[in-house]
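To keep things clear, I will list the structure first and then write my remarks on it.
The values are calculated or read from the model by the stated rules, or taken from the named source; none is laboratory data. Please read all numbers here as calculations on a predicted model, not as lab measurements. With ideal geometry, Cβ positions are generated from the backbone for all residues, glycine too; neighbour counts draw on all protein chains shown. These area figures cover heavy atoms from the full protein model, side chains too; ligands, DNA and RNA do not enter into them. Shrake-Rupley method; radii C 1.70, N 1.55, O 1.52, S 1.80 Å.
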Amino acid sequence: MPKENYIGRRKTSTARLYVKPGTGKFVVNGQPIDEYLSTQARINVAKMPLEVTELEGQYDFKVTVRGGGVTGQAGAISLALARALDDHNEDVHTKLKEVGLLTRDDRMVERKKYGQPKARKKFQFSKR
């Protein structure tokens, strides 16, 4: 039996996704996904698992997402959605795996080091 909720993470964003059979309604933090993510590129990133598996319109999704920026949140939603679809349909696992949607993107912002203005940038060097 499939789980109740699915978690996806990207950078410092965490998405918790709830899924149930339905008509394709997609709500993020109480707003339709088109309003919340605003740009079509972010909406495409978040909905990519649905397009790859061709399951659009079969489930209703409710997502609560916190932390990070809107682009990181879109990536977190994508991972949570891929995990949910994988759990609900055994047939789609290979499709999702081939496209790389089941892999957590573990890239994070590198910390700032002391004696430097940023993580890798150095203060200007003066020879004289």
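For Thr94, indicate whether it is free of Cβ contacts under 8 Å to residues at least 12 places away in the same chain, assigned to a helix (DSSP H, G or I), farther than 18 Å from Pro2 by Cβ and of a type outside the set (A, V, I, L, M).
Spelling it out, Thr94 is indeed free of Cβ contacts under 8 Å to residues at least 12 places away in the same chain, assigned to a helix (DSSP H, G or I), farther than 18 Å from Pro2 by Cβ and of a type outside the set (A, V, I, L, M).
Within the stretch 71-84, can you find the residues that are touching a Phe, Trp or Tyr at 6+ places or on another chain (Cβ under 8 Å) and free of Cβ contacts under 8 Å to residues at least 40 places away in the same chain?
Across the stretch 71-84, there are no qualifying residues.
Please specify each residue of the stretch 9-27 satisfying the condition of being part of a strand (DSSP E or B), out of contact with any Leu (no Cβ under 7 Å at 6 or more places or on another chain) and either small (Gly, Ala, Ser) or within 18 Å of Glu51 (Cβ to Cβ) (or both).
Hits for the stretch 9-27 are Ser13, Ala15, Val19, Phe26.
All but one of (1) part of a helix (DSSP H, G or I); (2) open to solvent by less than 40 Å² (accessible area, probe 1.4 Å); (3) not hydroxyl-bearing (Ser, Thr, Tyr) hold for Val63, so report the exception by its number.
Single failed check for Val63: (1).
Which pairs have Cβ atoms under 6 Å, sit 6 or more apart or on different chains, and link a residue in the stretch 45-66 that is in contact (Cβ under 8 Å) with a residue 12 or more places away in the chain to one that is surrounded by 16 or more Cβ atoms within 10 Å (Cβ to Cβ) and among the charged types (D, E, K, R)?
Val52/Lys95; Thr53/Lys95; Thr64/Arg16
Which members of the stretch 101-125 meet the condition of being under 24 Å from Lys20 (Cα atoms) and either open to solvent by less than 40 Å² (accessible area, probe 1.4 Å) or in a helix (DSSP H, G or I) (or both)?
Matches in the stretch 101-125: Leu101, Leu102.
Before we move on, is Thr94 at pLDDT below 95, more than 16 Å from the chain's Cα centre (by Cα) and loosely packed, with under 15 Cβ neighbours inside 10 Å?
yes
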